[in-house]
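Nothing in this text is a laboratory measurement; each read-out follows from the coordinates by a stated rule. Since this is a predicted model, take the numbers as computed values, not measurements. Cβ coordinates were reconstructed from backbone atoms using ideal geometry, including for glycine residues, and neighbour counts include every protein chain displayed.
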Amino acid sequence: MKLRELVSTFNQGDIAIIKSLLESEGIDYLAHGDNFNQIRPFIQPVRFMVAEDMLERAQTLIEGISLKRTPISLNEPPEADQPTV
């Protein structure tokens, strides 16, 4: 079975959402670098790999979500309903 990269991200929130979506649809995946990312989150992103024949289905599944891809964002203004620190 040949694996293809679906997406890569440093963001722990993205990682949890992607795992949940793929698992809920029964799409097997490999989260390459997941353990390392939990220890050293700024060094290596988690690369989600799926079977080549499932890639299009998985892409369709995650295309509607807004991924941050970085561990933190310093450029985004705070949400209106969240207090600023």
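Please count how many residues of the stretch 1-54 are aliphatic (A, V, I, L, M), closer than 19 Å to residue 66 by Cβ and over 8 Å from the mean Cα position of the chain (by Cα).
Going through the stretch 1-54 one residue at a time, the tally reaches 3.
Within the stretch 30-69, how many residues turn out to be surrounded by 11 or more Cβ atoms within 10 Å (Cβ to Cβ), free of Cβ contacts under 8 Å to residues at least 40 places away in the same chain and among the aliphatic types (A, V, I, L, M)?
Final tally of qualifying residues: 4.
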